1. Of all residues being out of contact with any His (no Cβ under 7 Å at 6 or more places or on another chain) and crowded, with 17+ Cβ neighbours inside 10 Å in the range 87-96, which is nearest to Trp51 (Cα to Cα)? Just the residue, please.
2. Can you tell me which residues in the range 53-75 are in a loop (DSSP other than H, G, I, E, B) and either not hydrophobic (A, V, I, L, M, F, W, C) or not assigned by TED's automatic domain parsing to the domain that holds Ala137 (or both)?
3. Could you please give the count of residues in the range 128-148 that are within 16 Å of the ligand (Cβ to nearest atom) and either aromatic (Phe, Trp, Tyr) or within 21 Å of Arg189 (Cβ to Cβ) (or both)?
4. With respect to Gly31, is the statement that it is over 18 Å from Val114 (Cα atoms), touching a residue at least 40 places away in the same chain (Cβ under 8 Å), touching an Asp or Glu at 6+ places or on another chain (Cβ under 8 Å) and not basic (Lys, Arg) true?
5. Hey, Asn37 hits all of (1) crowded, with 24+ Cβ neighbours inside 10 Å; (2) touching a Gly at 6+ places or on another chain (Cβ under 6 Å) but one; which does it fall short on?
6. Would you confirm, using the coordinates I've provided, whether Ala78 is in the same structural domain as Phe177 (by TED's automatic domain parsing), farther than 26 Å from Arg4 by Cα and in a loop (DSSP other than H, G, I, E, B)?
Amino acid sequence: MTSRLATQFAKVFGHPPVSAARAPGRIEFIGNHTDYNGGPVLGAAINRSVWAAAAPSPNGLLNFSSEGHPPVSVDPNAPAKLSGPASWANYPLGVWLQLPKFGLRQPAAFDLHVASDLPPGLGLSSSAAIELATALALAALSGASASRETFVKLARAAENEFVGMPCGILDQGCSGFGKKDHLVHIDCRLPAFSNIPLPAGVRLWMFNPHAKHALTDGFYAARHAECQQAAAALNVPFLANASPDQLEAAAYSLPEIPLKRARHVIGEIARVRQVCDALARGDLSETGRLLTASHRSSQHLFENSIPELDNLVDLLAAHPGVLGARLSGGGFGGSVMALTTAAFTLKQAEQIAFAHHQKFHVFPDFLPLQADAGAELLPL
Ligand code: GLA
């Protein structure tokens with residue numbers, strides 16, 4: 001991909017790139033909406049990525065080009081949020097704006113080209129991938145280097161402050177700290193990043209029902225606000241600071257909706273810890289049971305699922321080759337992740353897709369995924 005990226009770059013801009021980077025998408029293994037509540041989360045970087053190549057620009061502008069989107073040029077003296085078909089460039093533009101806040105020199109003007117084998121809109125976090133790949137490529141242009149953690153925080157800040165999505169650190173953290181055949185564990189309050197081996201013989205799958213996925217359209221922010229309301233009522237800075245007993249003791253004083261959200265988040269935090277313990281002792285059936293329990297909690301307490309995702313989870317959970325299945329990511333659309341044994345193959349995945357089609361008349365996409373390495377600078 002690096003040589004294809006360099007060729008495309010030269011074709012678009014008429015000169016070769018000076019730096020290039022790759023950043024992967026992610027799956028959320030378990031820990032639904034625990035990240036911005038200060039809890040732990042388990043995810044993985046996947047073997048699908050975004051690549052970014054950059055060079056100083058001779059025309060004094062910030063020039064963005066991408067395989068699948070219209071080109072965009074921005075005056076560095078008047079950077080403003082983009083809308084319509086140009087809005088894809090808010091992610092790299094937001095990263096450029098954050099560089100000085102993290103002690104990194106901003107290139108005065110640049111050309112940036114982006115390529116990807118990570119389908120957008122599937123809930124695999126192509127936004128975090130474009131942010132991290134851009135951050136690495138632009139920092140390298142000015143010869144600057146920083147820790148992996150700094151790049152992860154910078155990418156999240158770009159999304160929170162410029163794109164306007166109040167996400168936690170799951171997506172950028174997994175893209176930054178991925179490791180082949182490993183999960184990424186994030187203790188989000190610190191944050192602290194580590195890797196946990198995936199047991200041999202298991203497989204990861206994504207199923208996407210092609211139903212609505214729009215994190216920025218208000219649902220995500222609404223859930224975020226309900227969690228904050230619950231934390232304030234419990235008198236804790238984050239829901240992760242409250243134990244299940246504390247929550248139940250105060251349950252009478254919480255309005256119904258924040259109480260449901262808090263029950264999900266606090267229960268989910270416990271499930272993440274139980275999954276870590278189950279993985280450590282090699283207990284796959286307990287791991288899978290907890291994954292499906294996570295989905296049920298999202299479905300009934302956090303209420304961020306949709307019927308298409310529930311149907312895929314129902315079909316998958318009933319299959320003997322499937323250990324567990326759950327919605328992965330923000331919700332209100334996106335994808336279902338399944339952890340399976342090696343007995344679950346493309347043929348079984350197709351059968352699930354057919355069964356889903358019978359009910360919703362839409363064929364879901366499905367994709368076997370591998371846990372893979374995190375973001376990296378690439379030699380040119
Ligand atoms: C999205 C956000 C993450 C996280 C998940 C839900 O992917 O970007 O920060 O909150 O939703 O767990």
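The values are calculated or read from the model by the stated rules, or taken from the named source; none is laboratory data. These numbers were taken from a predicted model, which means no experiment stands behind them. Glycine gets a Cβ as well: all are built from the backbone with ideal geometry, and neighbour counts include every protein chain shown.
1. Looking at the filtered set, the residue picked out is Pro92.
2. First, the residues of the range 53-75 that are in a loop (DSSP other than H, G, I, E, B): 57-61, 67-68, 75.
Correct list: Ser57, Pro58, Asn59, Gly60, Glu67, Gly68, Asp75.
3. 1
4. yes
5. (2)
6. Yes.
Conditions tested, residue by residue: (1) modelled with pLDDT of 95 or more; (2) within 16 Å of the ligand (Cβ to nearest atom); (3) touching a strand residue (DSSP E or B) at 6+ places or on another chain (Cβ under 9 Å); (4) among the hydrophobic types (A, V, I, L, M, F, W, C).
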site: Leu315; (1), (2), (3), (4): yes, no, yes, yes
site: Ala318; (1), (2), (3), (4): yes, no, no, yes
site: Ser328; (1), (2), (3), (4): yes, yes, yes, no
site: Gly331; (1), (2), (3), (4): no, yes, no, no
